[in-house]
Structure formats: structure tokens, C-alpha cells
Amino acid sequence: MRYGKFDDKRKEYVITRPDTPLPWINYLGCEAYFGIISNTAGGYSFYKDARLRRITRYRYNNAPFDMGGRYIYLRDAASGEFWSPSWMPTRHAAERYSCRHGMGYTTIGSTYNGIEGRTRYFVPMGENLEIWQLTVTNRRKKPAKLSVFSSIEFCLWDAWDDQTNFQRNFSTGQVEVEDGVIYHKTEYRERRDHFAYFACSEKLAGFDTQRDAFLGAYRGWDNPAVVESGRSANSIAHGWAPIGSHQVKISLTPGESKQIVFILGYQENPKDQKFLPADSQTVNKQNAKTVIAKYRDLQNVEAAFRALGQYWEETLSVLQVDTPDLHTNRMVNIWNAYQCMATFNMSRSASFYESGVGRGLGFRDSNQDLLGFVQMVPSRARERILDLAATQLKSGGAFHQYQPLTKRGNNDVGSGFNDDPLWLILGVNTYIKETGDASILNEKVPYENEPGSEKPLYDHLQRSLQYTLDRLGPHKLPLIGRADWNDCLNLNCFSDTPGQSFQTTTNKEGKTAESVFIGGLFVLAANELADLAETFDRRGDTKRYRWEAERMKETVRKHGWDGEWFVRAYDDFGRKVGSKECKEGQIFIESQGMCVMAGIGLKDGMAQKALESVKTRLATRHGIVLNQPAFTRYYIEYGEISSYPPGYKENAGIFCHNNPWIIIAETMAGNGDQALDYYLRINPSAREGIGEVHRCEPYVYPQMIAGRDAPTHGEAKNSWLTGTAAWNFYAITQFILGIRPTLKGLRIAPVIPSRWTGFTAVRKYRGVTYRITVKRSGKGNSVSLTVDGKAAPGDVLPLPAPGTDEVAVEATIN
Ligand code: GLC
Ligand code: GLC
């Protein structure tokens, strides 16, 4: 069942009924000011950091699930009836409801009783504010007199404190109202030098800033007393819950439309210019007033919206493909790239499943996110890499996360994940492959953000590798530490106390439990670092790292092979995890994907055997599950993984993040048919028709789809913020379509399904636009290239002469 449709031309998803199985959301903003918005206008906004600088309040896990956001109410003066054109929160049976989620904007509206209301929400580029552009149209045969009410609820900045510290917070809220603009200034008198404002383009009939005055006691957003009565209370918040609401009265003749603009913004003032007059406690509003004046002018609003559109046209134009498969085209050209921007910006901090207070930017997550993001804005990837590396520990290890506002690492979500540092090598290499900018290796970056500890980034990469070598276990496989990529395989934890966090509780030192997965990752990373060293003339390092990679390969082959697949780990007792010797959890996806991606066993059939085992034991029609058989009871020696009911999350759920590892592995084994088949099983667009089963948005990947052991097999959860976005983008574009940046240039090595006769692509790479045509002439995967009509050897495009803007590439698959 469908709840909407793709409008590929406009790069929009159009939701045509408001009661989607779950809120279907979008992100506003892609620089510093961000918002999350659902298809019924729910959600919230923040500046840079969803935890520390929350602008509006949101209550997670609410009933209904999604309540509170950017609501507009229309009230008919004649009948006294009121409703919300976004359906929520009043839930009137509106006609012609639609929500168009586009690139950085969302338009929601409907018609009720002949009055159409439609609001376009977006964040202009370069601004710290959001615009709500409301158009009201009278489709009746008679004139209409209406009141328009806006509404938002301010958050008292620190979102965690805001939802827990009521004995203080009910007394601190403060606002000012001037010229119809509502200024939220809680804590501005003392240590904050920022405030929020909520403005309107029209002359007001009234306003409200105190929640209780607006809603009325014992009422909710579905039935505000002020809207019901048709008269704002002009309330001023003193403590309790500051909100922002404007009332505008309009009269419309039949057929007439009116636009009203609301501006919700964030403003910082220099410390010595906080107040005006300087000796007062009144907010200095000068800078804010300039911005507000700008966007009270509709022409500037339109211009800002066009600029946003251009930004996305340009950003997405880096790679556009035309393949025989609609779902591939749509995801690669529009939505998967767009989701990669969101995961780059948010890491795993703020979605409808990540509360914005739980997690900052993850070390391993952010490095992997670069795989799908780097081509869009390489300069920001560079900055991110340097930020991440600056939090690295001197041991080569990593803080598991850092807060974007402070850029300081912390242990709030645990530490000692032994895979963490290796991802930095992949992140950096991804950036250099894209840009050719090796200068980043010489950037001086501190350890643990400690001034004086600066070393070239290359040194950080070396320490990352050394970190693994310093921590080998009894089989000379890497020790797992708290966990590896799989946060929930906690082999040193032994937790028996309810409520204890598997991520942060005291661990055993752990000299026995080893990870075959990290073994594979190490091989991959060591070879990548060896490549880097080779390209930049550090021959000694190249030799050493290749040797280490080879040695680890041998170790994995010897101690990490179970006969038909790769073992997953050794536990604290030295027993195999992910082996036919186990009763449950005999086979895991991670070690199959990572070891084959690292090239282990490709020549001797081990890899093929492992992939065959994945196919027969792990693959389902909804995707590939993480492990089988699922754990049906709690294993204290395995930890969190066995705390999940069978089929969910890391316990045999379809963890979409590592499905692309298998997809990549299949292309490495030359199986284009199998690779695309797996790709389409979890491709959101391909799942659009089973909306009632899948339930999450059909335009972005979820973290997880319930596995075959779950009663809700096929049901997706945790949409948007997941490594799935980057890895799938990477798998389809670089391995199936085979357009792959390397240190030496752009490689063209497609492994496409046999039924495809070819495809075309435009790829902007290091300043050159490559127009690529791929044609299948034989049944294999070997490629011959012509470049601007001339045959070229190998499969890496030669660097074009300086000054070349465009190159035509023909690739023939033989
Ligand atoms: C979550 C985490 C990621 C981890 C994965 C598997 O997606 O963000 O870091 O690798 O779960 O546990
Ligand atoms: C839980 C989740 C895992 C996530 C982790 C983050 O362990 O199962 O997916 O990565 O929390 O801390």
C-alpha cells in the first residue's frame, strides 16, 4: 500500500494522506540552523547542536506519537470553526491534503470548508532562521473573514535540562515583545549571548507567549482556548512555558489568495553588545531586526527559496545516473545523496528516533558517513576529518563521540571500542581519493584536543593502525575491547544488573575476546594506508603495512575460518562466536562482509563459500539478517545483542548498514545479478508499494528492518540517521555502477546485472565533468575504455590535460 508518490522531476516525495503509519519526516537546513519536520508539521529546531542549543521544544514518545511542532490554525470568524491545514493537531477531515518533502524544504497543506491553507517551510542558505510561508486561498463563492494563528513552544536551550529540571525551569522563562516580534531570552541576562525570535510579516491582531494562556488549562494543541475564542490574550511569559503565537486577521474575496510569512530565528550578539541601552537588561535586537526586515519582504523570501533550489541542483549534479532501474536512479540521483547530507550533519543525534540528547557525533559513524558525503562538499568533509582526528587519544584509540558545539570528545556513550580508530584511515582515504588533496596528511592535528600535542594527520593514521597491533589476543587476532562495529556484541561486559548500560558499564580488561571483524577491517585499513604511503613516496611504510595486512590475512584464514563462513569472534573463554559449534548465533553477516571486502579468500574460494552461506542462511526477501539462528535467551557472555528479542536490531534484525558490505562483496566476486538483487531488497523506493509492512518513509533508509524471526518481519525502524545511507550510496555508485574514485584517478569498473544493456552517468570529479556511457557487449565484468574517442588502457581514467572541463568516456563491458 502507498501513502504517496515520488515526483522525481521536482525531487519531491508527495504524501497524499496524513495518516502515514509513522510520521514521515524531512530535514530543514544543511549548515548550522536545523529543523526536523514531519508530514503533519510536527518536529523542532536547533542551532548546531540538538542537545545544547535547542530552539523549540519537542516531546518524544508522545501520544499521539508526533505532537507539537510548527502548527498554524485557521479560524472562520463567521462560524467560529477552526482547523489546522497540516491536519495535525486538530485532525479535521480535510480535502486535498498533501505534504511535499523536497530538498531542504517541506510544503504541507489542505482545504477545509472551501479554505485552502498551504505552508512552505525552509531554511534559507547562509541564515540562522526558518521561514514559514503560508498561502491562504478562498475557494468559496463568498467572501471569508479568517484569523490565522501561528504557534511554537520554545525550549529553554539545553534540551536535556529542559525536560528534567522543572523546579528551576518553571521560574526562568523570559520573553520580550516588540513591534509584534516575540523574543525568547531565557538565561540571556546571565551567561547566554543568544536568543530566539518569532516574527510575522503582517500587522498583528494579537500575540501570546505563555503556553497556559494560549492553550488554556487542561487543553492541548488540538484545542487551544485562544484559537477557539478567536482572540489572542497578549500574554507575557514569566517562567512556566514560553511559547510564540501570532494572530493575523484576513478577509478574502472569492478566489483571492494571501501570503503570510513567519520567521523563526536564532541570533547571537557579541558579549559586549548584548543589551540596548547598554546599561539595561533589554535585548539588543538590532541585528535580528535587519534579518527580520529582509524576510518580511516576500521577494526576498522567494529569492531565498530559489537559491536553496540552486544549491541542491548543484550539490546533486556531482553524480547523476540513468540506469534501466527506476529505484536506482531515484535513490542515487536524489534521495540517497540527500540522506547522506543529513547523516553527515546530524550523525546519529536528532531524528524522530534519536532524541537529540542521546548522542553527539560518533567517531566511527562520522568517518563512515564520509563515504556517501565527500563528493558533495569536500571542504566540509576535510573539516570534519580534522575535528574527528583532534579528539583521537594519544594511544591511537578514540573517544566514541564528541559534541558538535564544543568539538570535545567524551565517554558518555562508552569508550574502548577497538574498531573506532581504523575507520579514520578509511575516512581520510575517502577524502583524498575524491579530491586528490594529500596536503591534509600534513595538517597538524592535536591529540585529545590538547594544545601542544599537534602531529601531522598522517601520524594519527599510523597510530590508528598501531592501536590494533598493540592489542592482539591469543590467536593474534585483534582484541575486541568493549565492542567492535557491532555495539551490542559485548564480550567483556558480563552485565547482570537491570538498567546497567552495556555501552558504559565497567568492562573486564579483556585479554582474550577477539574480533575477526576487526581483523578484516584491519586488512582493509592497512592496505589503504599502504596505498596512501605509496602514492606519497613513503615506500618503507608501504612495505610494512602491506606486510601487516598479509600477516593479518593469514591469521584470519587460519583462526577466523569456520569451514563454510568466517567466524565472528572469540569470546572471553576463548570459544568461537559465529561458528557451527555454537547453538545460536552460528553465522554473522559482519565478518563475511568485511573479510571479503578486505579481499580475504577471493582467490581460493573461501569468499565465494562465505557469500553462498550468507545467501542460504541470512538472506530474506526483506534483506539480509545480521545473524542466525537468532539468540532466544540472554547470554551474559555476549551482552546486549542477546537482550533484543529475536529478529530485532542486532539480534537477527536486517541491519541495513551492513547489507551493502555483502553487496560490495558480491561485486568483488563478480556477481552483478546477486548484488543488485540484494540492493533492491532494502532500497526504500523499491519497498514503496508495501508501505503498510515497511511503515517508515519510502524515500530514505531505516537503520533496521525486522528480521525473519520477528513477528513483524519487514517492518522498518529508525529511519534517516544510519550508516546505511553512506554505505548503500557507496555500494551502488562505486561497486555496482563502478564509478570509483581512487588515489590515481576515476576508475570505471561496473559489475551490473546481466540483463542491463548499460547505463549512462555524469560525474564531476576533481574539476572535470565526465560523461560516461557504459555498454554491455559480453557477459563478463571486464571493461575496455575509450576516452574522447581514443582507446585507453586499464580501467582508471587518465588525468586529463589541465584546463579540460569535459571528458567523454565510453566503457564497454566484455
Ligand atoms: C548503530 C551505531 C553504529 C553501530 C551500529 C551497530 O548504528 O550508530 O555505530 O556500528 O549501531 O551496532
Ligand atoms: C544500542 C543499539 C545500537 C546503538 C547503540 C548506541 O546498543 O542497539 O544499535 O549503536 O545503542 O549507543
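Do the conditions hold for Phe65, that is, is it among the hydrophobic types (A, V, I, L, M, F, W, C) and open to solvent by 20 Å² or more (accessible area, probe 1.4 Å)? Lay out the reasoning, then the answer.
On the way: among the hydrophobic types (A, V, I, L, M, F, W, C): yes; open to solvent by 20 Å² or more (accessible area, probe 1.4 Å): yes.
Criteria met by Phe65.
Taken as a whole, the stretch 535-550 holds no residue that is crowded, with 19+ Cβ neighbours inside 10 Å and within 16 Å of ligand 1 (Cβ to nearest atom).
Here is a yes/no grid of residues against (1) on the phi < 0 side of the Ramachandran plot; (2) among the aromatic types (Phe, Trp, Tyr):
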position	(1), (2)
Glu434	yes, no
Leu441	yes, no
Tyr447	yes, yes
Gly452	no, no
Lys455	yes, no
Leu461	yes, no
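Taking the residues in the stretch 648-678 that are more than 16 Å from ligand 2 (Cβ to nearest atom) and assigned to a loop (DSSP other than H, G, I, E, B) as candidates, determine which candidate is surrounded by the most Cβ atoms within 10 Å (Cβ to Cβ). Out of the qualifying residues, it is Asn671.
Among the candidates Tyr60, Tyr44, single out the residue that is of a type in the set (Phe, Trp, Tyr) and open to solvent by 10 Å² or more (accessible area, probe 1.4 Å). Tyr60 is the lone residue from the list that is of a type in the set (Phe, Trp, Tyr) and open to solvent by 10 Å² or more (accessible area, probe 1.4 Å). The single condition among (1) in a loop (DSSP other than H, G, I, E, B); (2) surrounded by 22 or more Cβ atoms within 10 Å (Cβ to Cβ); (3) in contact with a helix residue (DSSP H, G or I) (Cβ under 8 Å, 6 or more places away or on another chain) that Tyr73 does not satisfy is (1). Note on the stretch 593-639: residues that are of a type outside the set (D, E, K, R) and assigned to a loop (DSSP other than H, G, I, E, B) total 18. Looking only at residues that are farther than 16 Å from Phe363 by Cβ and open to solvent by 10 Å² or more (accessible area, probe 1.4 Å) in the stretch 476-492, which one is farthest from ligand 1 (Cβ to nearest atom)? Out of the qualifying residues, it is Lys476.
Scanning for something out of contact with any helix residue (DSSP H, G or I) (no Cβ under 9 Å at 6 or more places or on another chain) and crowded, with 21+ Cβ neighbours inside 10 Å, does the stretch 216-223 turn up at least one residue? Walk me through it before giving the result.
In the first step, residues of the stretch 216-223 are kept if they are out of contact with any helix residue (DSSP H, G or I) (no Cβ under 9 Å at 6 or more places or on another chain); the result is 218, 220, 222.
Now restrict to residues that are crowded, with 21+ Cβ neighbours inside 10 Å: none.
No, that holds for no residue.
Based on what the data block shows, is Glu590 open to solvent by less than 40 Å² (accessible area, probe 1.4 Å) and outside any loop (DSSP other than H, G, I, E, B)? Taking the combined requirement at face value, the residue satisfies it. In this structure, does Ser379 turn out to be touching a Gly at 6+ places or on another chain (Cβ under 6 Å), over 28 Å from Leu676 (Cβ atoms) and either away from ligand 1 (no atom under 16 Å from the Cβ) or at pLDDT below 95 (or both)? No. For the condition touching a Pro at 6+ places or on another chain (Cβ under 8 Å), within 30 Å of Leu316 (Cα to Cα), open to solvent by less than 10 Å² (accessible area, probe 1.4 Å) and of a type in the set (Ser, Thr, Tyr), Thr119 qualifies. Residues that are buried (at least 16 other Cβ atoms within 10 Å of the Cβ) and in contact with a Gly (Cβ under 7 Å, 6 or more places away or on another chain) within the stretch 741-764 comprise Ile748, Ala749, Pro750, Val751, Ile752, Pro753, listed in sequence order.
For Ala801, the conditions (1) more than 16 Å from ligand 1 (Cβ to nearest atom); (2) assigned to a strand (DSSP E or B) are fulfilled apart from (2).
Can Arg681 be described as part of a loop (DSSP other than H, G, I, E, B), more than 16 Å from ligand 2 (Cβ to nearest atom), open to solvent by 20 Å² or more (accessible area, probe 1.4 Å) and more than 17 Å from Gln368 (Cβ to Cβ)? For Arg681, the condition - part of a loop (DSSP other than H, G, I, E, B), more than 16 Å from ligand 2 (Cβ to nearest atom), open to solvent by 20 Å² or more (accessible area, probe 1.4 Å) and more than 17 Å from Gln368 (Cβ to Cβ) - is not met. Look through the stretch 494-532, keep the residues that are of a type in the set (Val, Ile, Thr) and under 24 Å from Asp412 (Cβ atoms), and return whichever of them is most open to solvent (accessible area, probe 1.4 Å). Here the answer is Thr506. Looking across the stretch 694-746, the residues that are within 16 Å of ligand 2 (Cβ to nearest atom), farther than 21 Å from Gly4 by Cβ and in a helix (DSSP H, G or I) come down to Thr724, Ala726, Trp727.
Here are Gln310, Gln299, Gln320, Gln339: which of them is in a strand (DSSP E or B) and at pLDDT 95 or above?
On the way: Gln310 fails: in a strand (DSSP E or B); Gln299 fails: in a strand (DSSP E or B); Gln339 fails: in a strand (DSSP E or B).
Only one candidate qualifies: Gln320.
Could you tell me which of the residues Gly510, Gly540 is out of contact with any His (no Cβ under 9 Å at 6 or more places or on another chain) and either in contact (Cβ under 8 Å) with a residue 24 or more places away in the chain or closer than 24 Å to Gly481 by Cα (or both)?
On the way: Gly540 fails: either in contact (Cβ under 8 Å) with a residue 24 or more places away in the chain or closer than 24 Å to Gly481 by Cα (or both).
The match here is Gly510.
Taking every residue in the stretch 4-24 that is closer than 14 Å to Thr106 by Cβ and outside any loop (DSSP other than H, G, I, E, B) and pairing it with any residue that is among the basic types (Lys, Arg) and open to solvent by 50 Å² or more (accessible area, probe 1.4 Å), at least 6 positions away or on another chain, the pairs with Cβ-Cβ distances below 8 Å are Gly4/Arg17; Asp7/Arg100; Glu12/Arg100; Tyr13/Lys5; Tyr13/Arg100; Val14/Lys5; Val14/Arg100; Ile15/Arg100.
Please state which one of Asn728, Asn718 is crowded, with 24+ Cβ neighbours inside 10 Å and under 26 Å from Asn367 (Cα atoms).
Values: Asn718 fails: crowded, with 24+ Cβ neighbours inside 10 Å.
Going through Asn728, Asn718 in turn, the sole match is Asn728.
So how many residues does the stretch 747-789 have that are part of a strand (DSSP E or B) and under 30 Å from the mean Cα position of the chain (by Cα)? First the steps, then the outcome.
Restricting attention to the stretch 747-789, the residues satisfying the condition of being part of a strand (DSSP E or B) are 747-748, 758-765, 768-776, 783-787.
Adding the requirement that they be under 30 Å from the mean Cα position of the chain (by Cα) leaves 747-748, 759-765, 768-772.
Qualifying residue count, the stretch 747-789: 14.
Okay, residues lined up against (1) out of contact with any Asp or Glu (no Cβ under 8 Å at 6 or more places or on another chain); (2) open to solvent by 10 Å² or more (accessible area, probe 1.4 Å):
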residue: Pro143; (1), (2): yes, yes
residue: Leu146; (1), (2): no, no
residue: Ser150; (1), (2): yes, no
residue: Asp158; (1), (2): yes, yes
residue: Asp161; (1), (2): yes, yes
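Filtered by the rule that a residue be closer than 30 Å to Leu298 by Cβ and within 35 Å of the chain's Cα centre (by Cα), the stretch 189-207 gives His194, Phe195, Ala196, Tyr197, Phe198, Ala199, Cys200, Ser201. Selection within the stretch 424-475: residues that are open to solvent by 50 Å² or more (accessible area, probe 1.4 Å) and acidic (Asp, Glu). The member of this set that is farthest from Gly519 (Cα to Cα) is Glu450. Thr616 falls short on exactly one of the conditions (1) among the hydroxyl-bearing types (Ser, Thr, Tyr); (2) open to solvent by less than 20 Å² (accessible area, probe 1.4 Å); (3) away from ligand 1 (no atom under 14 Å from the Cβ), and that condition is (2).
Here's the yes/no breakdown for (1) open to solvent by less than 30 Å² (accessible area, probe 1.4 Å); (2) within 30 Å of Ile772 (Cα to Cα); (3) hydrophobic (A, V, I, L, M, F, W, C):
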residue	(1), (2), (3)
Lys274	yes, no, no
Gln281	no, no, no
Ala288	yes, no, yes
Cys340	yes, yes, yes
Gly372	yes, yes, no
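Within the stretch 345-369, restricting attention to residues that are more than 14 Å from ligand 1 (Cβ to nearest atom) and either under 15 Å from Asn429 (Cα atoms) or under 12 Å from the mean Cα position of the chain (by Cα) (or both), the residue that is surrounded by the fewest Cβ atoms within 10 Å (Cβ to Cβ) is Asn345.
The values are calculated or read from the model by the stated rules, or taken from the named source; none is laboratory data. The structure presented is a predicted model; accordingly, all values stated were derived computationally and were not measured. Quick reminder, even Gly has a Cβ in these numbers, built from the backbone with ideal geometry, and neighbours come from all protein chains shown. Quick note on the areas: whole protein, heavy atoms, side chains included, nothing else; ligands and nucleic acids left out. Shrake-Rupley method; radii C 1.70, N 1.55, O 1.52, S 1.80 Å.
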